[in-house]
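Notes follow once the structure below has been shown.
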Amino acid sequence: MPTDSAGWKDDLNRRLKDSAQRQGYAAVKALIIYWEESDPGFEEEGRALAQLFQSSFEYDVDIFPIPSSHSYLRLHNFITQSLLAVTSDAESRKGAPLLIIHYGGHGDRNDDRHGGEERQSVWAAHAHGGPSLEWFRIQDDIKATDTDTLLLLDCCSAAQAARSRDTRQRPGGLEILAAAAMGMETLGPGRRSFTVALMKEMQGLLDATGAVAITDLHARLAHRDANLFATPFYVNLRSGARTIRLGRLAPVHGQEDIDMVEGSVLQLLIQTKEQLDGSSVGQIAEWLETDMPRTIARLEVLDTSTKIDRFVEGIRQEKHAFPQELTDVGRRDIMEAWNKVATLVKLHCTQSSNAHHRRENGHGMGDDLDSTSAFLRQLNVQNSAFVDTVERTILEASADPDSNVLETAIEDPGVQTLGIVDHLRLHQIVLRETPLSEQEARGSLTYNQVVLVETKQYSQYVDPAQIPDLTSRVRRLAELLKAPKGRQFLSLKCCAWEHQSWDHRYVLHFEVPEVYANGSSSDHHTLQSIIKQVKGARRPSLDQRLRIALLIAQAVRSWHQVGWVHQGISAMNVIFWSFKGSEEIDYANPFLHGFDFARPDSDPSIGRSTDDIAFNVYRHPTRQGAARKGHRKVHDLYSLGVVLLEIGLWQSAHDLVASRRPEAPAPYVLQKKLQEACLTRLAHYAGTTYQQAVAACLASDFGVDLDDAQGTKLNDSFRRLVIDRIAEGITIR
């Protein structure tokens with residue numbers, strides 16, 4: 001194992017990433033095995049267990065009656081094919097496989113020492129005489145694959161499966177729950193059989209906790225209330241101490257999907273008594289991996305503060321070239337942001353030293369833990385503010401047409417560690433005079449790829465001389481949406497586009513994330529359709545709605561930071577998907593869709609009918625009518641305000657401004673109606689801070705008169721007046 005800090009951190013993160021992804025199995029296959037010529041009760045109980053796995057766990061189940069002829073070869077072949085199937089299925093889903101094997105039948109004591117028997121696991125069709133097979137040999141082959149395998153053995157002497165013939169053999173992935181210990185008998189099929197008790201306790205645990213930990217299952221079966229004839233035997237032969245957990249089969253996230261997950265983030269501070277080495281890092285990894293809850297999507301060791309410290313030190317020692325191209329104000333802002341981080345850390349160190357003396361004098365640790373928790377939260381805020389400042393100053397400097405700061409910063413190793421290079425590249429695309437060539441930007445589709453198709457129609461009467469400019473704009477938009485970017489942008493990846501000139505339209509194809517890919521793109525839902533059509537418990541809770549609002553607002557700010565405006569923010573262009581094989585809508589992951597492709601501050605690219613109220617209700621008053629002005633960032637923020645109002649009141653904007661008059665309302669009449677709904681109703685439904693955030697958007701009042709080319713002051717004011725207020729409302733709740 002590496003001994004330097006960067007090396008052990010990377011090694012530890014690799015282990016934790018694999019462990020987190022293995023908590024939810026991507027594919028599970030259960031095998032129900034009994035003898036073709038054995039007691040009929042074994043088949044009946046096996047089929048009942050198969051039904052439980054299928055209905056309650058949604059597992060793939062295969063039943064195999066062992067034939068009397070060529071028993072070993074046929075069972076070995078069946079097990080091998082099943083292993084191949086489940087591992088291949090799991091690989092295609094980018095997750096881990098689990099094989100469950102239940103055997104109901106007779107077990108041979110295998111204790112004739114004169115005959116060379118070693119009390120290994122042997123299965124038999126009958127209690128005395130008849131065909132038998134050496135299960136332990138098949139089991140050794142399973143162990144060699146390292147596939148997680150759960151053996152549920154309902155036979156006499158079942159625990160002999162835990163005996164190893166070779167102490168040098170690698171542990172593999174076996175976990176065994178056996179009906180009886182070595183040399184012990186158990187009851188056959190019937191009311192008090194091991195399999196009947198197994199099914200009862202599995203269903204009970206699943207109903208009570210949502211999962212079945214095999215250690216918990218063994219504890220229940222070993223309790224006298226289970227009323228079993230023999231005490232069940234449990235052994236874990238897997239690497240580490242983690243037990244297998246059985247749960248209803250759910251989508252398993254690959255790394256790209258994990259990046260989408262918007263669950264809670266918990267920071268854990270671990271301070272060691274001494275410097276880390278290979279042995280201690282391994283112990284920490286094993287500790288963190290042990291019995292990791294399935295709710296954890298990612299476990300990662302972060303060193304953001306260390307990266308920032310090295311970055312600033314590099315600036316001081318003039319190791320970075322890009323700061324020379326920043327303005328004096330920009331360089332000063334970076335150092336001021338760093339001083340806030342450094343001051344916070346120094347203050348915490350002083351407080352920690354004082355706390356150490358208090359503990360030596362017998363005082364408790366409660367206040368110390370609260371102080372550490374507050375420090376971690378503040379440190380995260382200050383670290384984020386520093387990174388944001390670096391990005392902002394680079395983008396500000398890039399407004400100078402003679403500056404190469406973007407190219408220099410993108411190649412700078414220090415900037416690369418801060419995680420902002422993708423954002424800088426997006427800004428590069430926005431600033432580029434000409435987008436990529438048509439062939440480079442078009443992209444391609446793969447066979448059987450699930451995509452969402454978006455069409456952008458233009459009038460058949462458009463001047464042919466304007467078509468090249470329209471095509472260039474689409475090319476730039478496709479390039480932006482194809483480029484790597486953080487999850488906070490909430491955008492689908494554009495994988496291809498085409499110009500269908502015969503139909504007067506452009507077509508963009510977007511990748512549907514694997515976790516939602518049901519074989520059709522029709523499973524997505526717009527925010528508008530959810531508000532109008534989804535009823536009862538399938539509707540999002542208030543907490544979910546507030547988080548949706550926060551994510552959308554943060555996404556708009558991210559796009560504005562790199563210099564791009566959406567120009568079509570509406571409830572129709574906020575979309576969600578249902579999980580694969582489920583009707584459950586994933587409210588944690590909204591997507592922004594329907595980007596227009598006019599450049600910022602330019603005239604509309606195609607536009608819609610000037611009296612289309614379905615879209616005018618989202619447009620700023622100055623953006624409506626035949627003489628509408630070019631689209632600016634503040635117009636996006638107005639449109640966002642309308643969507644936020646819909647989310648807060650859970651009512652469509654069209655219904656909020658509906659009128660009985662046949663003529664379309666004047667632009668400022670629409671705005672007034674929306675502001676009135678915000679003023680009189682929104683605080684009751686979503687809270688005062690949320691109302692204040694929406695009011696700022698609808699009034700387009702951010703207190704900014706003069707701004708730089710990047711809109712830095714507007715972006716900062718939007719964060720304070722809108723994003724922070726929405727986040728505050730979530731925190732209060």
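The values are calculated or read from the model by the stated rules, or taken from the named source; none is laboratory data. None of these values were measured; they are calculated from a predicted model. Cβ placement follows ideal geometry from the backbone for every residue including glycine, while neighbour counts extend to all protein chains displayed.
Brief remarks follow.
- Of the residues making up the stretch 455-483, those that are in contact (Cβ under 8 Å) with a residue 40 or more places away in the chain and loosely packed, with under 10 Cβ neighbours inside 10 Å are 459, 460.
- Filtered residue count, the stretch 674-729, keeping only those that are crowded, with 17+ Cβ neighbours inside 10 Å, of a type in the set (Val, Ile, Thr) and more than 19 Å from residue 564 (Cβ to Cβ): 3
- Looking only at residues of the stretch 319-338 that are part of a loop (DSSP other than H, G, I, E, B) and under 37 Å from the mean Cα position of the chain (by Cα), we find that the one that is surrounded by the most Cβ atoms within 10 Å (Cβ to Cβ) is 326.
- Residues in the stretch 596-643 that are at pLDDT 55 or above, of a type in the set (Ser, Thr, Tyr) and either crowded, with 22+ Cβ neighbours inside 10 Å or under 37 Å from the mean Cα position of the chain (by Cα) (or both): 618, 638, 639.
- Single residue of the stretch 408-418 satisfying the filter (under 22 Å from residue 489 (Cβ atoms) and without any contact (Cβ under 8 Å) to a residue 40 or more places away in the chain) that is farthest from the chain's Cα centre (by Cα): 410
- Candidates 446, 372, 408, 434, filtered to the one that is polar (S, T, N, Q), outside any strand (DSSP E or B) and modelled with pLDDT of 85 or more: 408
- Residue ID - surrounded by the most Cβ atoms within 10 Å (Cβ to Cβ), chosen from residues in the stretch 379-407 that are among the aliphatic types (A, V, I, L, M), within 18 Å of residue 304 (Cα to Cα) and in contact (Cβ under 8 Å) with a residue 12 or more places away in the chain: 390
- Unmet criterion (only one of (1) modelled with pLDDT of 85 or more; (2) assigned to a loop (DSSP other than H, G, I, E, B); (3) surrounded by 22 or more Cβ atoms within 10 Å (Cβ to Cβ)) for residue 192: (3)
- Number of residues in the stretch 577-591 that are among the aromatic types (Phe, Trp, Tyr), within 18 Å of residue 452 (Cα to Cα) and assigned to a loop (DSSP other than H, G, I, E, B): the value is 1.
- Test: residue 452 is within 30 Å of the chain's Cα centre (by Cα), in a strand (DSSP E or B), over 30 Å from residue 407 (Cβ atoms) and at pLDDT below 90: yes
- Residue match in the stretch 533-555 (condition: at pLDDT 90 or above, within 30 Å of residue 666 (Cβ to Cβ) and not in a helix (DSSP H, G or I)): no
- Residue check for residue 30: hydrophobic (A, V, I, L, M, F, W, C) and either at pLDDT below 85 or not in a helix (DSSP H, G or I) (or both): yes
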